[in-house]
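Encoded as structure tokens, the structure appears first; notes follow it.
What follows draws every value from the coordinates through simple rules; no lab data is involved. Here the structure is a predicted model, which means the values were calculated and not measured. Don't worry about glycine lacking a Cβ; one is built from the backbone with ideal geometry, like all the others, and counts go over all protein chains shown.
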Amino acid sequence: MIRDFLDHLAVERGHTPNTLAAYRRDLERYREWLAASGIDVLSAVFQTDIDRYVAELSTGDDDHRPLAPRSVARSASAVRGLHRFAVAEGHVEQDVTNETVLPRPPLRLPKAIDVDAVGRLLSAATVSPPPKCARDVALLELLYGTGARVSEALALDVDDIDLTESSVVLSGKGGKIRTVPLGGYANRVLADYIAVRAEWKPRGPHLFLNSRGGRLTRQGAYLILRTCAEIAGLPAGIGPHTLRHSYATHLLDGGADVRVVQELLGHAAVSTTQIYTLVTVDRLREVYSTSHPRAR
């Protein structure tokens, strides 16, 4: 049943390998727990079993350390998905997880940096020797100018960039394709980079290349970000996703509609995008408390 469910997630839901690996780990732990409880079929599972299992995820046992609240929520969600799949496929009659209140992960506000810090970060990329500086600047400008996930940016081929229309085609989670506009800055630096890209002796159509002409790796992108952040004097922890968070936050600060930002980010649900509105409200509250004469 677990194998069928994972196949369903891979083929019909289009989940990424990393997501599938997490589901596989969570469900293998669940299977072992059921086996230790003398249960070998899902039809023999009751709601009380689910409640006990979720509770033990938080407290741990002889073989496992307690999980953090976010990990508990993820593991419990995998279990619920398995049981719902079993019902949909007709293997069991009812979903015993329906009445179980699964823990919600704590709200984690995205970390964004202000416009000035973004400018310093992007300027720091220009200190590298050519043609490396052209690539580094193009990568950072694209991440901030489109809000692309680092995996989406690194998967780009040259033909995915349309400099005439100032747009880029991104392949997001689940294989969903979206076209995102390029800002003027990103369009210009990408044109400059593509013009000198041949100096890297490309071994394929990949847009962002490593020193051997192959596709730039995620580790390579993180190294570029860390190096530029150090040069710019920014705090530790700056990564590619910081630019995505900053992109969304700055759009909303500038008055963009949350549903437009949802489409630009490639979020399946607007509720995911609305997390960024909490960041902007916090910023408004801070400005109000320091500026209004009756705020205190």
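Using amide H atoms built 1.01 Å from N in the peptide plane, name the residues 5+ places from ASP157, or on other chains, whose amide H lies under 5 Å from its own.
When sequence neighbours closer than 5 places are left aside, the close amide H contacts are LEU207.
Pop out the ³J(HN,Hα) list for region 32-37 in order, Karplus 6.51 cos²θ - 1.76 cosθ + 1.60 with θ = phi - 60°, rounded to Hz; leave Gly and Pro as x.
Running phi through 6.51 cos²θ - 1.76 cosθ + 1.60 with θ = phi - 60° gives 5, 5, 4, 4, 5, 8 Hz.
Which trypsin sites (Lys or Arg not before Pro) does region 59-158 hold that lie in a coil by DSSP with at most 12 other beta carbons within 10 Å?
Taking region 59-158 and a limit of 12 other Cβ atoms within 10 Å, the loop trypsin sites (Lys or Arg not before Pro) found are ARG108.
Using only C-alpha positions, report the orientation-averaged shadow area of the convex hull of region 2-88, nm², one decimal.
5.7
Find the eigenvalues of the gyration tensor of the Cα atoms of the chain, then list the square roots of 5 times those eigenvalues as equivalent ellipsoid semi-axes, largest first, in whole angstrom.
Whole-Å semi-axes of the equivalent ellipsoid: 41, 26, 18.
Starting at the first residue of region 165-180, write each ³J(HN,Hα) from the Karplus equation 6.51 cos²θ - 1.76 cosθ + 1.60 with θ = phi - 60°, in whole Hz, x for Gly and Pro.
8, 6, 8, 9, 9, 10, 9, x, 5, x, x, 6, 9, 9, 9, 10
Cut-off under 24 Å on the C-alpha distance; same-chain residues fewer than 8 positions from LYS173 excluded. Which lysines are left, in chain and number order?
LYS111
I need the peptides 185-193, 159-167 ranked by packing, meaning the mean over residues of other C-beta atoms within 10 angstrom, with the highest value on top.
So the peptides 185-193, 159-167, ranked by packing, come out 185-193, 159-167.
What does the helix-only formula give at 222 nm for the chain: each DSSP H stretch with n ≥ 4 adding -39500 (n - 2.57), the total divided by the residues, and the result rounded to the nearest 500 deg cm²/dmol?
-17500 deg cm²/dmol
Cross-link partners among aspartates and glutamates for LYS176, C-alpha distance below 17 Å, same-chain residues fewer than 8 apart left out?
Output for LYS176: GLU12, GLU152, ASP157, ASP160, GLU263.
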